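Scroll down for the structure; my scribbles are underneath it.
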Amino acid sequence: ENQGLKTYNNFIVLTEAFKKKIERVNAHAKLFLIPNGVDEVKSSKQTQLEHILYLGRLEEDQKGLDLLVDAYKSIEAKTDQKLVIAGSGLEKDRKSIERRIQKYDLQEKIELTGRVDGAKKDDLLKKCSLVVIPSRFETFGTVALEAMSYGKPIVSFAIEGLQWIPDDCSMKVTPFDLKKLGE
């Protein structure tokens, strides 16, 4: 990837921040900024808020699911909301997450749903009280757009790749501070 950044001529980037990074590495490249988008949610009807939602790839190193489970453990006695982790990924990551949930005896409080789409994804987003993005690093974060399209607040670490999310619809906490993420 690093070699490609130096030698390729044309790039499509999702954010202005990523555009600037490539410009620093390859001043001769042609860069086209085409942001991601999501479908507009047609119904604004409020439903019962039942859970906290993580939506995305099951992966610990980038997506920070180990951090999420640890942060949830710190508040699980203070909330009646389950944590729903929706997504798929490598078997090793799924098993690691399952072991962490068992270690903390949170099998009744954390639900791993697997990959969701369509009506199931719509239902999870409608019924969540917030969407949590515990990533260690991101280039953009399409899940944040989806959360905002449903009018859902976002909780994340204050990392570079999520700085574009407006403060009036998100709470960004000190990177990797699990106590603050839980609170």
Per the rule of 0.36 nm per residue minus the C-alpha distance, extending residue 171 to residue 136 adds in nm 11.0 nm
Ignoring ligands, DNA and RNA, what percent of the 1.4 Å accessible area of the chain is carbon and sulfur?
49 percent
With all protein chains present and a 1.4 Å probe, the order of 54, 8, 150 from largest accessible area down is 8, 150, 54
Gain in length, residue 91 to residue 48, computed as 0.36 nm per residue apart minus the alpha-carbon separation, to one decimal in nm?
12.2 nm
Accessible surface, 1.4 Å probe, highest first, among residues 88, 170:
88, 170
Expected-Rg normalisation [2.2 N^0.38 Å, Cα atoms] applied to the chain
1.11
Leaving out same-chain residues fewer than 8 places away, which lysines sit with a Cα under 29 Å from that of residue 126?
42, 45, 63, 73, 78, 82, 95, 109, 152, 172, 179, 180
Tell me, what is the per residue accessible area of the chain in Å², probe radius 1.4 Å?
59 Å²
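The values are calculated or read from the model by the stated rules, or taken from the named source; none is laboratory data. The shown structure was predicted, so the numbers you read here are calculated from the model rather than taken from an experiment. Surface accessibility is based on the protein's heavy atoms, side chains included, excluding ligands, DNA and RNA. Shrake-Rupley method; radii C 1.70, N 1.55, O 1.52, S 1.80 Å.
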